[in-house]
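Novice: Quick one: this structure, given as structure tokens, is what I'll be asking you about.
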Amino acid sequence: MQPSARTSTFPRLAFRPGRSRERSSRPFLRFVLRRFGALILLALGITVVAFVLTSVVPGDPAAANLGQQAINDPAAVAAFNHHYGLDKPLPEQYGIYLWHLLHGDLGQSEQNHDAVTHDLSQAIPATAELALFSIFVAVIVGMSLGVLAAVRRNKATDHVLRVVSLGGVSMPTFWIALVALYVFFFRLNWLPGTGRLDAVVLPPPHHTGLYTLDALLSGQWGTFTNAFRHLVLPGCVLAAYNIGLLTRYTRSAVLEVISNDYVRAARAKGLPARIVVPRHVLRAALPGIVTVIGLAFANVMTGSVLVEYVFSWPGIGQYAFHSATTLDLPAIMGVSLFVAVVYVVVNFLVDVLYGVLDARLRVQ
Amino acid sequence: MTAGAPAPSAPIRLRLWQRRRPLSRAVGLRHPLTLVGLTIAGAWIVIAIFAPWIAPYDPVTDTTLPALHAPSWHYLFGTDELGRDVLSRTLFGARTTIPLGLLLVGVSLLIGSTLGAIAGYFGGPIDGLVMRLTDLVFAFPAIILAMVTTAALGRGIQNAVIALIVVSWPSYARVVRGLVRQLSQSEYVLSARLLGASARRALVRDVLPNVAGPVLVLATLDLGNAILLLSGLSFLGLGPQPPKPEWGLSVAEGVNYFQYWWVGTFPGLAIFTVVLAFNFLGDSLRDRLDPQSSWSRGGDD
Amino acid sequence: MALLDVEGLRVRLPTRAGEVTIVDGVDYHVGEGEVFGVAGESGSGKTISVLALMQLLPEGARVEGRALYAGRDLLALRGRALRQVRGRDVAMVFQDPLTSLHPMLTIGRQLTEHLRVHEGVARGAADRRAVELLEEVRIPDPEKALHGFAHQFSGGMRQRIAIAIALACRPKLLIADEPTTALDVTVQAGILRLLDRLRRENGLSVILITHDLGVMSSIADHVSVFYAGRIVESGPTRELLAHPRHPYTRALLDALPHPESEGGAELVAIPGAPPTPRRRPDGCAFHPRCPYAREDCLVDVPPLVPVSDGRLLACPPDPFASA
């Protein structure tokens, strides 16, 4: 179809046909690469901080590891120090540390003499399962409440939800864990208390380390139910804070979008609410909400230390606490590094997701 | 089409004046959230001050009561495993936690705001440095960083507070830096400087008062957060040590004796109510001073 | 025969300081195939009055009066009936196409979604219709444009797209709220010509809101002048603009710079400013700024009455009657 010759005052062509796909991939790629570069730099900085923190810790690693021997046998101490490079200057120690890191070696735990990476690989799936479940619950509940509050703005529901949201972020996680444990386990016995599985139940065959997922993959329904029931209480307790957070921020993101002309234009076209809210409102509000979901991840990692303690959940939180209180340096470094990197990666993913959701960042 | 509007009046003074009047109205009785928050917070502050006179027993030395006794007329909140009155321990707990929280917020605010203001005002490499620092601190979840720091420095109150200061100052730095940057480039500051005001004068008279509002909101909300972090750390045993009557510690005891629900529930309830009060206050302050992120006018047209 | 009959339209909006009457008793008729111009400054209530027709007012708004369209009162419609009128019988184009087009949905989606809801058209057929619509509004390479996003187009193109979206279901009445205000002057003419052509080709009626009398004169058949929530004068465009009879209209026209006036001549401004909706004066709202005000102007709200063929005037003193 040719543009008609009648229109001599034809507006200048601003949209380039044909090459749109190629052109659109470049700005986004550049965006992603830039964020990735920032991630690498940050990760490096984190290793420095982790290293510095643990070199500041008072105490002699040789004495801690060798015990009695350290006092009697200076040669053994010297050998120990030489082996671990502790007699070299700090920057060189950092270099060695970084070298080991890049080879996936995080050192040995001073407590149990296992490789830190081994300990982490045991603990990570447990926390991952808890975290994913908790985030899932928080997002579903928090976003629904937030949309509800936005739609019923300034009515009674909205005010109640405001108090609920403030309540959610005010509750001490460890206290709620205790209360939940008492009420749902001790009193009502609806849900199990501690651990990931009942003592008599065997863990499912290992695929991912997430018991629920592994049980499903192996068709072990009984194990799945058991693992899931153990997951509910700590998961929901961990979600409480994030529900409060997400309610608030979903509400404000939705309200900001709802007052925009394009929502009004959508209603002016006669579209019903069941189309306008998900397709027009939520879609536009999602980038803002996704940022908060990134924050929610950080909260989950913080909260997991407390929740895993109360529920005896063998995850990263417990590991971190244990290594911090026993001054297990390699373990502390390993955990700090891991946690910080996860956080940074999550932020990176959030940024990328932001770009995916908002076409304006992506195309031309 | 019609004659222009009357000439604009001095924008700077108008802004300050407009801010002060609504503040006094907000604190008035129109907002139940403010009222509830103030009442509860006020009550706890009174308790913190007068605990020695209000509490029926000594929280540390009176260990002669029947242990793990359920709440009753004698012991309103019951007793713990060492025969101490939970009510007294809860009341005295305010004397530890609330001042520590205030201290924590105060110092973080000072350090963070100063760094943030410098970064925002001077920009360039200083700004970059401060921002990288905040990024680094933000990358570590608060508890992990605090745990590592207390591990490095040893357990106890001072080190817990230091650890938490390290974790908390970046929020203030970020907020203040953003505001200062925005304001120092705003038209009225620029015009004030064109009219001859010195850089320092512009900073003090025009920039700072407009920064105070959001910072106050942040500080109030942060107070709640600080108390949560503090009690979290002491729950893990990394803060004030026993036998100090600290709330987090008491809840930790409660976990060990969780069948005796009163041991951990009441101290935890105390934490909840205090934090809730400060969050209520902070939220209603946010309505007044930072309408963009407030609840009642959030996303307004 | 009038397509739209508005009677006694009154709109009140809640504000922090209480309820405010924005539109204060407005009556007009829009004929078939007619471009009905609504002129007035910001705050005069023109946008609110048309938003009321589509029931797109903010929450808490109170509306009185009737708006009869094909025998039904638009203001009384609810739910499904209302949604069927919107987009299908009556459509709207907003002022700023950058904000009235969804930034994250493709143009194609925005063109077809209401088409599919109102007429149950299948996806392929809807896309073909969309391409035809884009051709009607002269968007180049319409097939590619379907997959584009709003920010990839220039202002003028976006407004054309918005018009295409509005006309997708072939409504009989199009409300255009300042359709050219956000655009460059050079692009404005193109949009107006487009509206005019579409009107002629489809038998469309248009309610055109603008504060720009130049725009009004180019395509409006009929003009109503809004001031402070009321209509003060209305009539056929050419006649009204050549011989305005309300002091406000006259002052508006006098304020326009004239290309043939002497160099150095001062621009004439109307002294004072239009009243805010909260502080409208008693009687005739214009009286504080009117050099012809009489005593009764301060007390009685002047009624909008016919003064000659097709012309209505709300000014008892009628100082320019002989003109």
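Derivation of every value follows stated rules applied to the coordinates shown; laboratory data play no part. The model shown is predicted, which means the values in this text are computed figures rather than measured ones. All Cβ positions, glycine included, derive from the backbone under ideal geometry; neighbour counts span all protein chains shown.
Novice: Count, for each residue of C:99-109, the Cβ atoms from other chains sitting within 10 Å of its Cβ, then give me the mean as a whole number.
Specialist: For this peptide, the per-residue mean of nearby foreign Cβ atoms is 5.
Novice: Could you state the per residue volume, in Å³, of the convex hull enclosing the Cα atoms of the stretch A:170-265?
Specialist: Expressed per residue, the convex hull around the Cα atoms of the stretch A:170-265 is 160 Å³.
Novice: Give me the dipole magnitude in Debye, nearest 20, for the stretch C:234-323 about the Cα centre, with unit charges on the beta carbon: positive for Lys and Arg, negative for Asp and Glu.
Specialist: Dipole size: approximately 360 debye.
Novice: Rounded, prolate or oblate: pick one for the protein assembly as shown, where a ≥ b ≥ c are the square roots of the eigenvalues of its C-alpha gyration tensor, a/c under 1.5 means rounded, and failing that, prolate if a/b is larger than b/c, else oblate.
Specialist: Verdict is prolate for the protein assembly as shown.
Novice: Determine the shielding of peptide A:42-48 by partner chains: average, over its residues, the number of Cβ atoms on other chains within 10 angstrom of each Cβ.
Specialist: Average per residue, whole number: 2.
Novice: Over the C-alpha atoms of the stretch A:169-220, what are the Rg and the largest Cα-to-Cα span, Dmax, in Å?
Specialist: 14.6, 41
Novice: Where Rh denotes the Kirkwood radius from the mean inverse Cα pair distance, what is Rg over Rh for the stretch A:116-204?
Specialist: Value, to two decimals: 1.10.
Novice: Could you work out the percent of alpha carbon pairs in the stretch C:163-222 separated by over 13 Å, rounded to a whole number?
Specialist: The calculated P(r) of the stretch C:163-222 puts 60 percent of pairs beyond 13 Å.
Novice: Only helical DSSP H runs with n ≥ 4 go in: add -39500 (n - 2.57) per run for chain C, normalise by residue count and round the 222 nm mean residue ellipticity to 500 deg cm²/dmol.
Specialist: After summing the helix terms and dividing by residue count, I get -9000 deg cm²/dmol.
Novice: May I pose another question? Taking R0 as 25 Å, what FRET efficiency do you get between A:Ile275 and C:His147 from their Cβ-Cβ distance, rounded to the nearest 0.05?
Specialist: After rounding, the FRET efficiency stands at 0.75.
Novice: Taking C:Lys172 as the anchor, which lysines have their alpha carbon closer than 18 Å to its alpha carbon, excluding any fewer than eight residues away along the same chain?
Specialist: A:Lys269
Novice: Whole-Å semi-axes of chain C's equivalent ellipsoid, largest first, each the root of 5 times a Cα gyration tensor eigenvalue?
Specialist: Here the semi-axes work out to 36, 23, 18 Å.
Novice: Could you work out, residue by residue across A:173-185, how many beta carbons of other chains sit within 10 Å of that residue's beta carbon, and then give the average as an integer?
Specialist: That works out to 6 on average.
Novice: Size of the stretch C:12-74 along its principal axes in angstrom, Cα-based, largest extent first?
Specialist: 41, 27, 18
Novice: Answer rounded, prolate or oblate for the stretch A:218-309, using the Cα gyration tensor with square roots of eigenvalues a ≥ b ≥ c: rounded when a/c is under 1.5, else prolate when a/b is larger than b/c, else oblate.
Specialist: oblate
Novice: Any idea how far the Cα center of the stretch B:233-283 sits from the one of the stretch C:186-241, in Å?
Specialist: 70
Novice: Among C:Leu98, C:Leu3, B:Ser88, whose Cα sits farthest toward the positive end of the charge dipole of the protein assembly as shown (+1 at Cβ of Lys/Arg, -1 at Cβ of Asp/Glu, about the Cα centre)?
Specialist: Of the options given, the answer is C:Leu3.
Novice: For the protein assembly as shown, what is the charge dipole size about the Cα centre, in debye to the nearest 20, if Lys and Arg each add +1 at the Cβ and Asp and Glu each add -1 at the Cβ?
Specialist: Around 1760 debye, computed over the protein assembly as shown.
Novice: A further question on this structure: Apply the a/c threshold of 1.5 to the C-alpha gyration tensor of the stretch A:273-364 and tell me whether it is rounded, prolate or oblate.
Specialist: The shape class here is oblate.
Novice: Just want the answer: with Cβ charges of +1 for Lys and Arg and -1 for Asp and Glu, which residue in A:Ser134, A:Leu161, A:Leu178 is farthest toward the dipole's positive end in the protein assembly as shown?
Specialist: The one lying farthest along the dipole's positive direction is A:Leu161.
Novice: Find the centroid of the Cα atoms in the stretch B:103-124 and in the stretch A:89-155, then give the distance between the two in whole Å.
Specialist: Cα centroid to Cα centroid, the span is 29 Å.
Novice: Obtain the nm distance between the two label points defined at C:Asp196 and A:Leu102 by a simple spin-label model: each point lies 7 Å from its Cα along the Cα-to-C-beta direction.
Specialist: Reported label-point gap for C:Asp196 and A:Leu102 is 7.2 nm.
Novice: With +1 assigned to the C-beta of every Lys and Arg and -1 to the C-beta of every Asp and Glu, and no other charges, what is the dipole magnitude of the stretch B:61-134 about the Cα centre in debye, to the nearest 20?
Specialist: My answer is approximately 180 debye.
Novice: With springs connecting C-alpha atoms under 10 Å apart, model chain C as a Gaussian network and identify which of C:Glu239, C:Glu34, C:Glu201 has the largest mean-square fluctuation.
Specialist: Of C:Glu239, C:Glu34, C:Glu201, the Gaussian network model singles out C:Glu201 as fluctuating most.
Novice: How far apart, in nm, are the 7 Å Cα→Cβ label points at B:Leu195 and B:Leu76?
Specialist: That separation, rounded to one decimal, is 5.8 nm.
Novice: For the charge dipole of the stretch A:228-354, defined by +1 on Lys and Arg C-beta atoms and -1 on Asp and Glu C-beta atoms about the Cα centroid, which residue among A:His322, A:Ala266, A:Ala253 has the Cα displaced farthest towards the positive pole?
Specialist: A:Ala266
Novice: Given the options C:Pro274, C:Pro171, C:Pro259, state which has the largest fluctuation in a GNM of chain C using a 10 Å cut-off (strictly under) for Cα springs.
Specialist: Looking only at C:Pro274, C:Pro171, C:Pro259, the largest GNM fluctuation is found for C:Pro259.
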